[in-house]
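So the structure is just underneath, and the comments pick up after that.
The values are calculated or read from the model by the stated rules, or taken from the named source; none is laboratory data. This one's a predicted model, so the numbers in the text were calculated from it and none came from an experiment. Note that each Cβ is placed from the backbone with ideal geometry, even for glycine, and that neighbours are counted across all protein chains shown. Ligands, DNA and RNA are stripped out before the accessible areas are found, and what is left, the full protein with its side chains, is counted by its heavy atoms. Shrake-Rupley method; radii C 1.70, N 1.55, O 1.52, S 1.80 Å.
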Amino acid sequence: MTVLTLTGLILVIALLGYAMGVARSRSALQAGSVLHSRPQYSGAFVAFLFALPAVCLMLAWVAIDEGIIRSLTIASLPSDVTEGIDRRQAGALIREVFQVISGRTFGEPEPYMRDAAAYYVEAQGWSRTLMYVSCLALGALCAGWGFSRIAPEFRARNKVEAIVSGLLVLASCIAILTTVGIIGALVFESWAFFTLVPVNEFLFGLNWEPQIPIREDQIAGAGAFGAVPVFWGTIFIALISMMVALPIGLFSAIYLAEFASPRVRTIVKPVLEILAGIPTIVYGFFAVLTVAPALRRYGEMVGLDVAANSALAAGGVMGIMIIPFISSLSDDAITAVPRSLRDASLAMGATRAETVSRVLLPAALPGIVGGVLLAVSRAIGETMIVVMAAGLIARLTLNPFEGVTTVTVQIVTLLIGDSSFDNPKTLAAFGLGLVLFISTLGLNVFALNIVKKYRERYD
Amino acid sequence: MANFHTDALANSGNGTAHAKQEGAKSANTRGVAKIKAESVNVFYGENQAIKNVSVDIDERQVTAFIGPSGCGKSTFLRCINRMNDVIESCRIEGRILIDDNDIYAKGVDPVILRSHIGMVFQKPNPFPKSIYENVAYGPKIHGRTRNKSELDSVVEQSLRRAGLWDEVKDRLAQPGTGLSGGQQQRLCIARAIAVDPEVILMDEPCSALDPIATARVEELIDELRQNFTIVIVTHSMQQAARVSQKTAFFHLGHLVEEGPTDRIFTNPEDKRTQDYITGRFG
C-alpha cells in the first residue's frame with residue numbers, strides 16, 4: 001500500500017473514466033443530436049475530473065500525515081517522558097521510535113517505546129487505508145458528477161482546454177517557485193549571517209579571515225569578514241579573463257561572419273564551440289599543470305616573481321573558456337545585421353573592413369554587448385577553474401602575478417569539512433552566495449534586455 | 001514622354017555643386033554611350049542567369065530594364081558595379097565598358113569602381129546612424145572632404161538634390177531609420193549622390209513605396225538625369241514609361257529588345273515584348 005500503487009490505480013481508473021465518458025458521449029450522438037464537442041473531450045473531461053482531485057488529495061495527505069502521526073505518537077508516550085520537551089527532543093524521541101520499528105536497538109528498549117512503535121505502525125496503516133479510500137471516493141464523486149453532465153450540448157472541449165491550460169500554468173509556476181525557494185533559502189541563511197556580522201562590515205570591510213574555530217578546542221584566528229578583497233578577486237579575475245576573451249572572441253567572430261569562406265566556417269565554428277563543451281575542471285587542470293608553471297618559468301626569466309596560483313593563470317584560462325561565448329553570440333549578432341546594409345555599404349565603395357567597422361559593428365553592438373555581459377556573468381560565477389588555479393588568501397592587489405581569491409572559491413572552502421550552521425564561518429558562504437546571485441542576476445537581466453531590444457529592431 | 005531631353009540641356013548644371021563635374025564633361029555628351037556591355041554571360045554555379053547580353057547605356061539619360069521576375073534584369077544591373085563579385089558562386093563572362101574602360105579587366109579594383117557608381121536598392125536601407133552620418137558615409141570613407149564645414153556642405157547639397165533637405169534639415173542628428181519609407185529611399189539616393197558618382201543604379205527603387213512617395217522619387221529621378229547616368233530596374237511598365245528615355249526588355253536571361261522608350265511601348269518589334277507590355281504574361 002504505497003503512494004506509487006495509489007497513483008497507478010488512479011491512472012487506471014482515470015483511463016476507465018475516459019472510456020466511459022467517450023462511450024456516453026457516443027451514445028448521445030446515436031440518439032440523433034449534434035455534439036458540441038467530440039467524444040474524446042467528454043472522455044478527457046471525466047478522466048481529469050477523476051484524476052485531478054484524487055491526486056491533489058493524495059499529495060496533500062502525504063504532505064501532512066507524517067507530522068500528524070508523529071505528534072500523535074509523542075502524545076501517546078507516558079506524560080513523564082514528554083513533560084516539557086522541545087522540538088529537538090521530540091525529534092530525538094521519534095528517531096528512537098523508528099529504531100525500535102526497524103529493530104536496530106542497543107539493548108532492550110523501554111516498554112513504552114515499544115508501545116509507541118506499535119502505535120506508530122498502526123496509525124500509519126490506518127492513515128494509508130484512509131488515504132486510499134478518501135482519494136478514490138473523492139475522485140469517483142467528481143467523476144460521477146462530470147459523467148452526469150455529459151450531454152450533446154455539453155461544452156466539454158472548452159472545459160478540457162481550460163484544465164490543460166491550467167496544468168501548463170502550473171508547470172511553469174513550479175520552475176518559478178523553485179527559483180523563489182532557492183532565493184528564500186539563500187536570503188534566510190544570509191539573514192542569519194548578517195545578525196552575526198554587520199552588513200556594512202561584510203560589504204565594506206577590507207580584511208577577510210574567515211577561519212574561526214568552530215569547536216571549543218580548535219586553534220584559529222579571531223576571524224574577520226570584510227568581503228571587499230574577495231569581491232575584488234572575483235572582479236580582477238573576471239577582468240583578466242575578459243581581456244583575453246574579448247579581443248580573441250570578437251575578432252574570431254568578425255572573421256567567421258565576414259571573411260571566412262563557407263568551407264572554413266563549417267570547420268572552424270564547431271571547433272570553436274567545442275571549447276564551450278570542455279568541462280571546466282579540465283580547464284582547471286590546464287591552468288594548474290600547464291599555464292601556471294609556464295608563467296612562473298617565464299616570470300623567472302625576466303625577473304618577475306609569479307605566484308604559483310596567480311590571478312593571471314586563472315583569469316587567462318577562464319578567458320579561453322569564455323571565448324566561444326563571445327565569439328558565438330557576436331557572430332550571431334553580426335550575421336543578423338540585414339544583408340541590405342552590407343550591400344549598401346559595399347555599393348558605396350566601402351571595403352569589407354570599412355563595412356565591418358563602420359556599419360556592421362555599430363549595428364551589431366547591442367547584441368555584442370549583450371553577449372559580453374552574459375560572458376562576464378559566466379566568468380563571475382565560474383567556480384572550478386578558480387578553485388583549482390586561484391589562491392585561497394584574500395588579497396587586495398592590482399598585481400596579476402599574485403594570488404587572489406574569488407567569491408566562489410571562498411564559498412567552496414567555507415562549506416568544505418566540519419561545518420555547523422550556527423557560526424559565521426559557515427554562514428558567510430551564504431552571504432557571499434547572495435551577493436554573487438544578485439550581481440549575476442542583475443547582469444543577466446541587463447544583458448538579456450539589451451539583446452531583446454536589439455532583436456526587436458530588425459524583425 | 002517624347003523628346004524632352006534635348007531642351008533640358010540648357011538648364012542642366014544644378015547650381016554650383018556640380019561646376020566641377022560639368023566642367024569635366026562636355027555638355028554634348030548626352031546621348032553618347034556611357035556604359036557598353038558586350039556579350040555578357042552570368043552564371044550562378046551551373047545556372048546561366050544572363051545569356052549573351054549586349055546593350056549600350058547612354059550618358060545622362062534614364063535607361064529602364066523591364067521584364068518578368070527572374071529574367072535577370074537585377075543580376076545584370078549588379079554586374080555594372082560588380083556587386084555580384086560578393087556572391088561566391090557567381091561567374092561573369094564578356095566585357096562591360098564604362099567610358100571605354102573594361103571594368104572586369106585585371107587591375108580594376110571593384111572598391112574604387114563602386115565609389116564611382118551609386119546604387120539604390122529595392123528596400124530603403126539607411127544605416128542605423130543619424131541622417132547626417134548616412135549621407136556623410138561615402139565622403140568620409142573616400143576622404144572626399146578636408147574639413148567639417150566642407151562635409152556639412154556636401155551633406156546639405158546631397159540632401160537638397162535628393163529633395164529631402166527641407167524635410168530633415170532640423171533633425172539631421174536623428175536616426176535615418178526613423179524616417180518614412182519614401183523619405184528613407186530619398187535619403188539612400190542622397191547617400192548615393194554624395195560621392196558624385198557618374199552612374200546611379202536603381203534596383204526597383206519604388207517597389208516598397210506608396211504611390212505618393214513613388215511619384216516623389218520618380219520626379220527626383222527625372223531631375224537627377226541632368227547630372228547622372230541612371231539605370232533603373234522596374235517591375236512597373238508605367239514607371240518605365242514615365243521616367244526612362246530608353247528601355248530594355250529582358251526575358252529568361254536574354255535581352256529581347258531595347259530602344260527608345262516611346263518606341264518600345266508603342267511599336268515593339270518582338271512578339272514577346274508586345275505580349276509583356278500588353279499584360280499577356282509577366
For the stretch A:226-254, how many residues meet the condition of being farther than 18 Å from A:L443 by Cβ and surrounded by fewer than 16 Cβ atoms within 10 Å (Cβ to Cβ)? 2
Do we find a residue being out of contact with any Ser or Thr (no Cβ under 7 Å at 6 or more places or on another chain), modelled with pLDDT under 90 and part of a helix (DSSP H, G or I) anywhere in the stretch A:247-258? no
Please verify whether A:G391 is outside any helix (DSSP H, G or I), within 29 Å of the chain's Cα centre (by Cα), assigned by TED's automatic domain parsing to the domain that holds A:G233 and farther than 30 Å from B:M119 by Cβ, treating the condition exactly as stated. yes
One residue is enough: does the stretch A:305-325 have a residue meeting the conditions more than 17 Å from A:A363 (Cα to Cα), of a type in the set (V, I, T) and surrounded by fewer than 23 Cβ atoms within 10 Å (Cβ to Cβ)? yes
List the pairs whose first member sits in the stretch B:257-278 and is touching a residue at least 24 places away in the same chain (Cβ under 8 Å) and within 18 Å of B:P68 (Cα to Cα), whose second member is open to solvent by 30 Å² or more (accessible area, probe 1.4 Å) and in a loop (DSSP other than H, G, I, E, B), and whose Cβ atoms are under 9 Å apart, counting only residues at least 6 apart or on separate chains? B:T261/B:M1; B:F265/B:M1; B:Y276/B:G282
Would you mind listing the helices (runs of 4 or more DSSP H) fully within the stretch A:1-82 where at least 2 residues are under 37 Å from the mean Cα position of the chain (by Cα)? A:3-30, A:39-76
Of all residues in the stretch B:256-272, which are surrounded by fewer than 22 Cβ atoms within 10 Å (Cβ to Cβ) and assigned to a helix (DSSP H, G or I)? B:D262, B:R263, B:F265, B:T266, B:K271, B:R272
Quick one: how many residues across the stretch B:95-117 are touching a helix residue (DSSP H, G or I) at 6+ places or on another chain (Cβ under 9 Å) and away from chain A (no Cβ under 11 Å)? 4
Select the strands (runs of 3 or more DSSP E) contained entirely in the stretch B:147-255, then report the ones holding at least 1 residues which are over 25 Å from B:V32 (Cβ atoms). B:246-251
Restricting attention to the stretch B:118-145, which residues are assigned to a strand (DSSP E or B) and facing chain A (nearest Cβ under 8 Å)? B:G118, B:M119
Residue within the stretch A:204-212 that is under 20 Å from A:P53 (Cα atoms) and in a helix (DSSP H, G or I) present: no
Collect the residues in the stretch A:83-98 that are acidic (D, E) and assigned to a loop (DSSP other than H, G, I, E, B), keeping them in residue-number order. A:E83, A:D86
Can you tell me how many residues within the stretch A:329-364 are among the polar types (S, T, N, Q), surrounded by 21 or more Cβ atoms within 10 Å (Cβ to Cβ) and more than 10 Å from every other protein chain (Cβ to nearest Cβ)? 1
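One line per residue, one yes/no per condition, for (1) under 30 Å from B:A49 (Cα atoms); (2) among the β-branched types (V, I, T):
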position	(1), (2)
B:N84	yes, no
B:I87	yes, yes
B:H142	no, no
B:E150	no, no
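State the number of residues belonging to the stretch B:156-181 that are away from every other protein chain (no Cβ under 14 Å) and surrounded by 23 or more Cβ atoms within 10 Å (Cβ to Cβ).
Looking only at that region, the number is 4.
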Between a residue in the stretch A:350-370 that is among the hydroxyl-bearing types (S, T, Y) and any residue that is open to solvent by less than 60 Å² (accessible area, probe 1.4 Å), which pairs come within a Cβ distance under 7 Å, given they are 6 or more apart or on different chains? A:T351/B:V111; A:T355/A:R342; A:T355/A:S345; A:T355/A:L346
B:R280 versus (1) open to solvent by less than 30 Å² (accessible area, probe 1.4 Å); (2) more than 26 Å from B:S180 (Cβ to Cβ); (3) charged (D, E, K, R): which is the lone unmet condition? (1)
Of everything in the stretch A:42-95, what is of a type in the set (D, E, K, R) and open to solvent by 80 Å² or more (accessible area, probe 1.4 Å)? Give them in sequence order. A:R70, A:D80, A:E83, A:D86, A:R87, A:R88, A:R95
With the condition kept exactly as written, say whether any residue in the stretch A:372-380 is more than 18 Å from A:A253 (Cβ to Cβ) and either away from chain B (no Cβ under 14 Å) or in contact (Cβ under 8 Å) with a residue 40 or more places away in the chain (or both). yes
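Let's see how each residue does on (1) polar (S, T, N, Q); (2) more than 23 Å from the chain's Cα centre (by Cα):
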| position | (1), (2) |
| --- | --- |
| A:L295 | no, yes |
| A:A347 | no, yes |
| A:T355 | yes, yes |
| A:P362 | no, yes |
| A:P366 | no, yes |
| A:L373 | no, no |
| A:A379 | no, no |
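Restricting to the stretch B:87-98, name every residue that is of a type outside the set (G, A, S) and over 24 Å from B:G143 (Cα atoms).
B:I87, B:E88, B:C90, B:R91, B:I92, B:E93, B:R95, B:I96, B:L97
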